[in-house]
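Below you'll find the structure, written out as structure tokens, and then a few comments.
Each reported figure results from applying straightforward, stated rules to the coordinates on display, with no laboratory input. Remember, it's a predicted structure, so these values are computed and weren't measured experimentally. Heads up, the Cβs are rebuilt from the backbone with ideal geometry, glycines too, and the neighbour counts pull from every protein chain shown.
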Amino acid sequence: MSLIEIKDVSYSYNMENKAVDGVSFDIEAGSYTTVIGHNGSGKSTLAKLIAGLLELKEGEIIINGLKVNEENIYEIRKDLGIVFQNPDNQFIGSTVRDDIAFGLENRLVESDKMDSIIEEYAETVGLSSFLDYEPQNLSGGQKQRVAIAGTLAMKPSILIFDEATSMLDPKGKKEIKKLMAQLAEGDDITIISITHDIEEVLQSDMCVVLNKGRLFMYDKPEKVFSDPERLRKINLDIPFNLKVKEEFGKNKIKLKANDLEGMVEELCRSRSKH
Ligand SMILES: Nc1ncnc2c1ncn2[C@@H]1O[C@H](COP(=O)(O)OP(=O)(O)O)[C@@H](O)[C@H]1O
Ligand SMILES: [Mg+2]
């Protein structure tokens, strides 16, 4: 049995069109799944349905044997954390420390243990020296790290990131990606991450491609990207290094393995010769 079973799920916000349209796939326990697709392809809607933040009316989602519905959602949410793109909507505490503490207090974590948990996760996201800051005085990227720390501190076994790193600067993105890869290494955490970051997709186990609310592909990332023609059909930009490889293929030039900068340089050189 898979940890998360998504069965023929559809969702409409209005009568005109379906935001999610007949989507089915299973997610294995301990796996790291990325979800890609154009804006409006239904990624956030699907994430909210999995997290029980939108009421499922068509199809069903089963998490750990429990159907996502009003009756079970409390039980399911105990073990599920979700981080959204916009950190401004996610703050509750008056300081960073309070904010990370909020979820822990809800879980009735003893107060003498709380400080060490808060400090551990503040360090994980690189905010140790900001614990007494007011969240509204932080930058977008820092706010997002607080949201991530607060979610991680609850140790959910299912972690959903909805473009959670899109507000971060490149360094911040890299750090969180590294953290996600570390979290994914063990078998006890299942990650679903909606992303536009190809590097992140390549570090995941499975990749869901949504197009106009429908499941377009669900496969290992290397499989998804091995068919650029298919991705191009839905105008999904293929990874830059794949484009470069394609170009090399056309020009029949030998590659230095994975040396992207070298590839680009050689490509430019070969172009200027033509
Ligand atoms: N709250 C909402 N009310 C009405 N329509 C919405 C709402 N949220 C999303 N939609 C519509 O549902 C579709 C899917 O949106 P969404 O799930 O946010 O896509 P994505 O996360 O892939 O950008 C889009 O057509 C979007 O306009
Ligand atoms: Mg979205």
Item to check | Distant-in-sequence amide H partners of Leu54 (H built 1.01 Å from N, under 5 Å) | outcome: Leu49
Checklist entry - Around Ser193, which amide H atoms from residues at least 5 apart in sequence, or from another chain, sit under 5 Å from its own amide H, with H modelled in the peptide plane? => result Thr33, Thr34, Val35, Phe161
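For the chain, what is the mean residue ellipticity at 222 nm derived from helices alone (per DSSP H run of n ≥ 4: -39500 (n - 2.57); sum divided by total residues; nearest 500 deg cm²/dmol)?
When only DSSP H runs of four or more count, the value is -12000 deg cm²/dmol.
Of the peptides 119-131, 9-21, 142-154, how do they stack up when ordered by the mean number of other Cβ atoms within 10 Å, highest first?
Numbers: 119-131: 17.5, 9-21: 15.6, 142-154: 24.5.
Result, highest mean first: 142-154, 119-131, 9-21.
Counting only DSSP beta bridges with both residues in the stretch 81-237, what percent are antiparallel, rounded to the nearest 5? Let's see the in-between values first.
On the way: 5 of 13 bridges.
That works out to approximately 40 percent antiparallel.
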Checklist outcome for this item: Cα-Cα longer than 32 Å, checked against Lys18/Lys178; Lys43/Lys245; Lys57/Lys173; Lys18/Lys171, kept in input order, equals Lys18/Lys178; Lys57/Lys173; Lys18/Lys171
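Based on the inverse mean of 1/r over its pairs of different Cα atoms, what is the Kirkwood hydrodynamic radius of the chain, in Å?
Numbers: mean 1/r = 0.0495 Å⁻¹.
The answer is 20.2 Å.
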Next on the checklist: Give me the net charge for the shell around Ile6: Cβ to Cβ below 11 angstrom, other residues only, Lys and Arg +1, Asp and Glu -1.
Outcome noted: -3
Next on the checklist: Counting only other residues whose beta carbon sits under 14 Å from that of Lys173, what net charge do I get with K and R as +1, D and E as -1?
Outcome noted: -1
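Give the percent of DSSP beta bridges with both residues in the chain that are antiparallel, rounded to the nearest 5. Walk me through the intermediate numbers first.
Working: 17 of 34 bridges.
Expressed as a percentage, antiparallel bridges in the chain total about 50.
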Checklist entry - Any idea what the relative contact order of the chain is, in percent, if you count C-alpha pairs under 8 Å spaced at least 6 apart? => result 23 percent
Checklist entry - Given H placed 1.01 Å from N in the peptide plane, which residues other than close sequence neighbours of Gly59 have an amide H under 5 Å from its amide H? => result Ser10
